[in-house]
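I have placed the structure first, in the form of structure tokens, so that the comments after it can refer back to it.
The values are calculated or read from the model by the stated rules, or taken from the named source; none is laboratory data. What you are looking at is a predicted structure, and each value in this text was computed from that prediction instead of being measured. In this analysis, Cβ positions are derived from the backbone assuming ideal geometry, glycine residues included, and neighbour counts consider all displayed protein chains. For the accessible areas, the whole protein counts, side chains as well, though only heavy atoms, and no ligand, DNA or RNA atoms are used. Shrake-Rupley method; radii C 1.70, N 1.55, O 1.52, S 1.80 Å.
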Amino acid sequence: MAWSNARIRALLRGLRHPHVLRKESAMPALRRRYGTEDDGKALLAAVDAALAGDPALKEIVYRCDLRGEDTRSVANALHFSERQFHRYRSFAIEAVAAEVERALAHDQAPSPGSGLLDAISLFAPDRARALWSEHDGAADGIAALTLRVESGDVPTGDDVAAFTGAERFAAEVLRATALETAGRYDEAEALVADLRASLAAEPPPERRAAALGLAAQWRLQARRRGRIDAFAEAIDAAVRAAGSDEALLVRAAIARAHLGVHRAIADWRERLTAAKRAVRGGSPVRTLRYATMVEGYLAYVHGDPDLALRHASIATLAGAIPAIALQSEALHARAALALGRGWTRPDWTRGVLPAVWFQAELDALGAFHALAAGDDTAARALAAQVRAHPAAPYAPSLIAYADAVEAALAGRSPAAVAAPDDLLVVVDLRTVSR
């Protein structure tokens, strides 16, 4: 039996199970699951597998959804009332949807080694890196490359060239992330621009996760540059990249709330509520930690440093998910300062991604605390360290922080410092005092 692409699309659109892709994107997974290159045979195999125990339900799907017969004729032939027919057809579609979902889940499942490395890296990053170093990493593919990037390595062109298809694009995004965290800002920005140009406005399903990662990297660069309009554009790109993928939509929802940290938007509470609702469905630890950090920063910029401090303690774990850990430690420093409490920079922060610009931001916050404690010598030295950091020419907020410290040391008002158009920076500068 042969079916047109239109008939296949019609059936897939009818699969209303929330985790099933409703377009042709389901077909590659079905072809691989049933070992055929023909879409029609793959779909027939899925229907047979789902409805093997109920010939009547199978006949409904065959005749109505695959052959295109009218529902009244099929209901009469099977001696069903109209109400019975539609109820049974709904059961049949749900059963086929569940079978398609199983095919997709099997197709997308990470290797056991990949999942183990990822889990260990969340809580014992040094151990995960040691495990990775004991083998060549090839079996773990993108997961191993991610671990390398998070530990500060920069993949070479040869490393990236080892991947093909959608994984090649994901590897390029990881290389862009690594260049950024290594302080190679010109290269990182050029690669992000190239990857954005190569990506369609609506990325294909197999590239959605990497496209969302690319949007996150663009957003990070925009924040470093103090370009909040570009930050907002990157979040819009993340929402588009997520498409209908529920796991990616959770991350996109958190990113939408994240905008409220850097721009004064009226609906930030609604965005935060939507993000918190989204993460309740069993989100992975990485996503939960990101959501916790965003909520903490929203609390800080909107006047609740106590809540910010609690969330910083939850989101920070020395070295695990390094970029989140450093930003969460910075939140801890900010909230402590706003509450009039002391803060000493933890030693672990200096060994994690040493070239990333968050390092200079932590030095700036250390200078703010030194001012508040009356230690002008330490404040002056830290401000000079901020100016000397390789990120300073690429991050206007760092210059604004150093200027504010030096203004306070000279008896001028830090509030007079020209700051990037960034709500977080504006709130930070209000805390600078001697």
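What pairs come out if I take residues in the stretch 321-336 that are at pLDDT below 90 and pair them with residues that are charged (D, E, K, R) and surrounded by 23 or more Cβ atoms within 10 Å (Cβ to Cβ) whose C-beta lies under 6 Å away, six or more apart or interchain?
Short answer, once both residue conditions are applied: P322/E150.
Every residue, every condition in (1) of a type in the set (D, E, K, R); (2) modelled with pLDDT of 95 or more; (3) not in a helix (DSSP H, G or I), yes or no:
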{"residue": "A188", "(1), (2), (3)": "no, yes, no"}
{"residue": "A197", "(1), (2), (3)": "no, no, no"}
{"residue": "R208", "(1), (2), (3)": "yes, no, no"}
{"residue": "Q221", "(1), (2), (3)": "no, yes, no"}
{"residue": "D229", "(1), (2), (3)": "yes, yes, no"}
{"residue": "A234", "(1), (2), (3)": "no, yes, no"}
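Is the stretch 165-175 home to any residue that is surrounded by fewer than 22 Cβ atoms within 10 Å (Cβ to Cβ) and not in a helix (DSSP H, G or I)?
Within the stretch 165-175 (the criterion being surrounded by fewer than 22 Cβ atoms within 10 Å (Cβ to Cβ) and not in a helix (DSSP H, G or I)), the answer is no, since none of the residues qualifies.
State all residues of the stretch 264-280 that are touching a residue at least 12 places away in the same chain (Cβ under 8 Å) and open to solvent by less than 70 Å² (accessible area, probe 1.4 Å); if no residue qualifies, say none.
Selection gives W268, R271, L272, A274, A275, A278, V279.
Please work out which one of (1) buried (at least 16 other Cβ atoms within 10 Å of the Cβ); (2) free of Cβ contacts under 8 Å to residues at least 60 places away in the same chain; (3) of a type in the set (G, A, S) is the condition G342 fails and give its number.
Of the numbered conditions (1) buried (at least 16 other Cβ atoms within 10 Å of the Cβ); (2) free of Cβ contacts under 8 Å to residues at least 60 places away in the same chain; (3) of a type in the set (G, A, S), the odd one out for G342 is (1).
Starting from the stretch 28-41, take each residue that is closer than 11 Å to V100 by Cα and list its partners that are modelled with pLDDT under 75 and buried (at least 17 other Cβ atoms within 10 Å of the Cβ), counting only C-beta distances under 6 angstrom and pairs at least six apart or across chains.
Pairs found: A29/A103; A29/L104; L30/A103; R33/A103.
With respect to A247, determine if the residue is in contact with a helix residue (DSSP H, G or I) (Cβ under 6 Å, 6 or more places away or on another chain), within 21 Å of Q217 (Cα to Cα) and in a helix (DSSP H, G or I).
In short, no.
Limited to the stretch 301-339, what total is found for residues that are open to solvent by 10 Å² or more (accessible area, probe 1.4 Å) and more than 26 Å from T177 (Cα to Cα)?
12
Of all residues in the stretch 380-434, which are farther than 24 Å from G340 by Cβ and of a type in the set (S, T, Y)?
Passing the criteria: only Y394.
Starting from the stretch 284-297, keep only residues that are outside any helix (DSSP H, G or I), then list their pairs with residues that are open to solvent by less than 30 Å² (accessible area, probe 1.4 Å) whose Cβ atoms are within a distance under 9 Å, requiring at least 6 positions of separation or different chains.
P284/L122
In the stretch 381-392, how many residues are open to solvent by 60 Å² or more (accessible area, probe 1.4 Å) and either at pLDDT below 95 or within 21 Å of R430 (Cβ to Cβ) (or both)?
Qualifying residue count for the region: 1.
This table checks each residue for (1) part of a helix (DSSP H, G or I); (2) surrounded by 14 or more Cβ atoms within 10 Å (Cβ to Cβ).
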{"residue": "L353", "(1), (2)": "no, yes"}
{"residue": "A400", "(1), (2)": "yes, yes"}
{"residue": "D403", "(1), (2)": "yes, yes"}
{"residue": "A408", "(1), (2)": "yes, yes"}
{"residue": "A419", "(1), (2)": "no, yes"}
{"residue": "V426", "(1), (2)": "yes, yes"}
{"residue": "L429", "(1), (2)": "yes, yes"}
{"residue": "S433", "(1), (2)": "no, no"}
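Quick one: what pairs do we get from the stretch 402-427, first residue in contact (Cβ under 8 Å) with a residue 60 or more places away in the chain, second part of a loop (DSSP other than H, G, I, E, B), C-beta under 7 Å, 6+ apart or different chains?
Close Cβ pairs (under 7 Å, with a partner that is part of a loop (DSSP other than H, G, I, E, B)) amount to P420/G226; D421/G226; D422/G226; L423/R263; L423/A264; V425/A419.
Failed condition for G183, given (1) modelled with pLDDT of 90 or more; (2) assigned to a helix (DSSP H, G or I); (3) open to solvent by less than 40 Å² (accessible area, probe 1.4 Å); (4) more than 27 Å from A264 (Cβ to Cβ), with all others met?
(2)
Of (1) part of a helix (DSSP H, G or I); (2) without any contact (Cβ under 8 Å) to a residue 40 or more places away in the chain; (3) touching a helix residue (DSSP H, G or I) at 6+ places or on another chain (Cβ under 8 Å), D153 satisfies all except one. Which?
The number of the failed condition is (1).
Would you check which residues across the stretch 146-165 are among the aliphatic types (A, V, I, L, M), at pLDDT 85 or above and either touching a Gly at 6+ places or on another chain (Cβ under 7 Å) or more than 19 Å from F358 (Cβ to Cβ) (or both) and list them?
V160, A161, A162
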